[in-house]
Amino acid sequence: MIGEKTAGSLLYYAGAIVSIVLLLSPVYWELNSSLQSTSSLLTAHPAWVPTHLYWGNYTALFGTNGANTGFGYGLFNSTLVGLITTAITLAVALLAAYSFARLRFRLRRTLLYSIVATQMVPGIVLVIPLFVLFQTVHLLGSRVGLVLAYLTFTVPFAVWILVGFVASIPVQVDEAARIDGCSVLGVIRHVTLPLAVPALIGTGILTFLTVWDEFLFAVTFQQTLQEKTLPVVLAGFIGKFEVQYGPLAAGGILAIVPPLVLALVFQRYVTRGLTAGAIVG
Amino acid sequence: MISAQRGVHATGVARYWQRPALQATMLLVPTLGILLAIMVYPLVKGFIMSLQDVQAGMPTAPGLSLSQYAHVLVDPFLQQIAWNTVFFTVITVTTELVLGTLGGFLLHRRSRISWLLSAAFIVPWATPTVVAATMWSWIFNPTFGSVNSLLLELHLIHAPVAWLATPGYALFSVIVMTVWKSTPLVAILVLAGMQHIPGDVMEAARVDSAGPLKRLWFVILPYLRVPLLAAALLQSIAGFQVFTQIFIMTSGGPANSSNVASVYAYQQMFSDLNMSYASAISFLIAVATLLLAVIYAGLLSSREGEIT
């Protein structure tokens, strides 16, 4: 038994260390690259640790070199679109989740499964007609259009997760509020909402991360630099900064920071949200 | 459950607004409105478009036909692209399941470095796909990238390899990036599954002095069946629909050796302006996704009662 335990520990620590190295080293390499000037990166064996910290890549992102990289726009637009999409998603999905979890009506099952099933619609099949549609209604390249497009998959996902949580709130709490004279909206506002805060946080963060990460819709719809989101701006660097990998790495690091901070700080909410949908019914 | 509401007779205007069906309708209007206007309607239009031959926004001939779908069958590139898509999906999902399960085991065990391990698993997942794609493009860069640098120093290769520009290697490189990015999600699902295993079941197996491998196979893996199937389903769907990393790292090249269905459809739409053909391809992707889901749903529901 002792032999097995030590072997187990050895295996664990070996595996853990290998995992940590494999998982973190690409990002470490990106950080390393971002802190060296592009000229020092263009060698066959770049330094593993920067000899001194070079901040020029980061400043270049924000146009101090005179060229407008669009990075500032990207940051602003991604944040704005992310927050608006998340806010609308949570509000809309909570109402829908309440109706599925608490109310009995004829098409309940069908509608719920249909809504959840829409998540399987591939982006590519939607992006083609949406492009044509947005062109017609002059929403192409507008952030409003982008938010609307994102809602098609953020809302079903949020409904899926929130239905489980709302259903887990004891009905007696709802009924107590109803007896006190609360309307349905009142119950949602005063009873369901406060109790669902952890679920809302987890779902909200997952929604924001999804929007922050999204590329296909953004690269298809957004036309002008002022309205591009961060992933599109970064992807465009490959044409613009063809050999300037320094600023590209710096942009990458900055783009990682918000989702990473959110995910680390709200770890528990996020993992609970991820697994709630996949495992619980 | 809704006893309070069942006892209410729906008479009069005020009571009318309390009927569950109507309340549900009101609550669902935003959700359904969004989905109908921005998903169902465009999908219908897209499907109709796939039955026509739309050039520059206008159908070239009246009426509907399946000619676009027929064209899919004779498209010389489609065989390669379909194979790439399936190959990509099978390899990434299998690798992610294996590595993710191992990762889940590692994450399950509490130790002094658990916090670091958890953080390490979150990093690839939190990295935006575009960033991961450009990051790995740089890592795979033939002249300045760290992979060639490392392999050359270890004398495992004698000349730099053009990872993203060589047929065969290009798709492989994107697979590596995808596995790096997606394994943490599988690991988290496996971890959640392991945390659901009743403690006494684990204890009983340990006490029975069953060897660790037997413990693994007979005790732990049955409990992981559901999370692993869920992970496999999610990742298979993602694999079939993969777009961003191929688009950014290789653009499907060289010569379609790394091209996949979504990217090809996109190119047909926006580079070649074959809107109807692009639409047809995308609907075929949707059908393939649906088939996948049906298969997995069948696998999930079969023998479900066996665990307890």
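Hey, what did chain B get for relative contact order, percent, Cα under 8 Å, at least 6 apart?
24
At a Förster radius of 56 Å, what calculated FRET efficiency corresponds to the Cβ-Cβ distance of residue B:201 and residue A:79, to the nearest 0.05?
It comes to 0.75.
Name the most mobile residue of A:37, A:142, A:25, meaning the one with the largest mean-square fluctuation, in a Gaussian network model of chain A with Cα contacts below 10 Å.
A:25
Angle check, please: helix A:123-136 long axis (alpha carbons) against the longest principal axis of chain A (alpha carbons), in degrees 0 to 90, nearest 10.
90
Quick check: the angle from helix A:108-117's long axis to the longest principal axis of chain A, C-alpha only, nearest 10 degrees?
10
When a/c reaches 1.5 or more, the comparison of a/b and b/c decides; with that in mind, is chain B rounded, prolate or oblate per its Cα gyration tensor?
It is oblate, given that a/c is not under 1.5 and a/b is not larger than b/c.
Enter the buried accessible area of the A/B pair, total of both sides, probe 1.4 Å, in Å² rounded to the nearest 100.
7900
Please tell me the relative contact order of the range A:181-255 in percent, rounded to the nearest whole number, where contacts are Cα pairs under 8 Å and at least six residues apart.
18
For a quick check, take a GNM of chain B with Cα springs below 10 Å and name the residue from B:257, B:137, B:65 with the largest mean-square fluctuation.
B:65
Among all helices in chain B defined by DSSP H, which have a length of 30 Å or more along the axis from Cα atoms plus a Kyte-Doolittle mean of at least 1.6?
B:275-301
List the residues, sorted by chain then number, that are 5 or more residues from residue B:260 or on another chain and whose placed amide H is less than 5 Å from its amide H.
Residues meeting the amide H criterion: none.
Provide the descending list of Cα extents for the protein assembly as shown along its principal axes, expressed in whole angstroms.
On the principal axes, the protein assembly as shown reaches 84, 77, 51 Å in Cα extent.
Probe radius 1.4 Å, ligands and nucleic acids ignored: give me the carbon and sulfur share of the accessible area of chain B as a rounded percent.
Heavy-atom surface of chain B belonging to carbon and sulfur, 1.4 Å probe: 70 percent.
Counting only other residues whose beta carbon sits under 12 Å from that of residue A:191, what net charge do I get with K and R as +1, D and E as -1?
0
What figure, in Å² to the nearest 10, do you get for the accessible area of residue A:11 with a 1.4 Å probe and non-protein molecules left out?
130
Using a cut-off of 15 Å between beta-carbons, work out the net charge of the residues near residue A:24 (Lys and Arg +1, Asp and Glu -1, residue A:24 not included).
0
Just the number, please: Stokes-Einstein D of the range A:1-43 in µm²/s, Kirkwood Rh from C-alpha pairs, 10 °C, 1.306 mPa s.
Reported coefficient: 124 µm²/s.
Note the angle between two axes, namely the Cα long axis of helix A:2-34 and the longest principal axis of the Cα atoms of chain A, as a number of degrees from 0 to 90, rounded to the nearest 10.
70
Report relative contact order for chain A in percent, whole number only (criteria: Cα-Cα under 8 Å, sequence separation at least 6).
Rounded, it is 31 percent for chain A.
Between the range A:53-106 and the range B:282-304, how far is it from one alpha carbon centroid to the other, in angstrom?
Rounded to whole Å, the Cα centres lie 32 Å apart.
With every protein chain left in place and a probe of 1.4 Å, what is the accessible surface of residue B:71, to the nearest 10 Å²?
Surface accessible to solvent at residue B:71 totals approximately 80 Å².
Given a 1.4 Å probe and heavy atoms of the protein chains only, how would you sort B:150, A:61, largest accessible area at the top?
If we order B:150, A:61 from most to least accessible, we get B:150, A:61.
Calculate for chain B the 222 nm mean residue ellipticity that helices alone would give, adding -39,500 (n - 2.57) per DSSP H run of length 4 or more and normalising by residue count, nearest 500 deg cm²/dmol.
Counting only the DSSP helices, I get -21500 deg cm²/dmol.
Give me the distance in nm between label points sitting 7 Å out from Cα along the Cα-to-Cβ direction at residue B:302 and residue A:47, one decimal.
Result for the modelled spin labels: 5.9 nm.
Measure out, as a whole number of angstrom, how far apart the alpha-carbon centroids of the range B:25-74 and the range A:150-168 sit.
The two parts, judged by their Cα centres, are 26 Å apart.
For the range A:116-235, report the accessible area per residue in Å² (1.4 Å probe, heavy atoms, rounded to an integer).
35
Just the number please: accessible area per residue for chain B, 1.4 Å probe, all protein chains included, in Å².
48
Using 7 Å Cα-to-Cβ label points, what is the residue B:290/residue A:7 separation (nm, one decimal)?
5.1
Could you give the length gained by full extension between residue B:152 and residue B:44, i.e. 0.36 nm per residue of separation minus their alpha carbon distance, to one decimal place?
Full extension from residue B:152 to residue B:44 adds 33.5 nm.
From the square roots a ≥ b ≥ c of the eigenvalues of the alpha-carbon gyration tensor of chain A, which class results: rounded (a/c under 1.5), prolate (a/b over b/c), or oblate?
Oblate shape, in that a/c is at least 1.5 and b/c is the bigger or equal ratio.
The values are calculated or read from the model by the stated rules, or taken from the named source; none is laboratory data. As the structure is a prediction and not an experimental result, all values here were calculated from the model. All Cβ positions, even for glycine, are placed from backbone atoms using ideal geometry, and neighbour counts span all protein chains on display. Side chains are part of the model used for accessible areas, which takes the heavy atoms of the whole protein and leaves out ligands, DNA and RNA. Shrake-Rupley method; radii C 1.70, N 1.55, O 1.52, S 1.80 Å.
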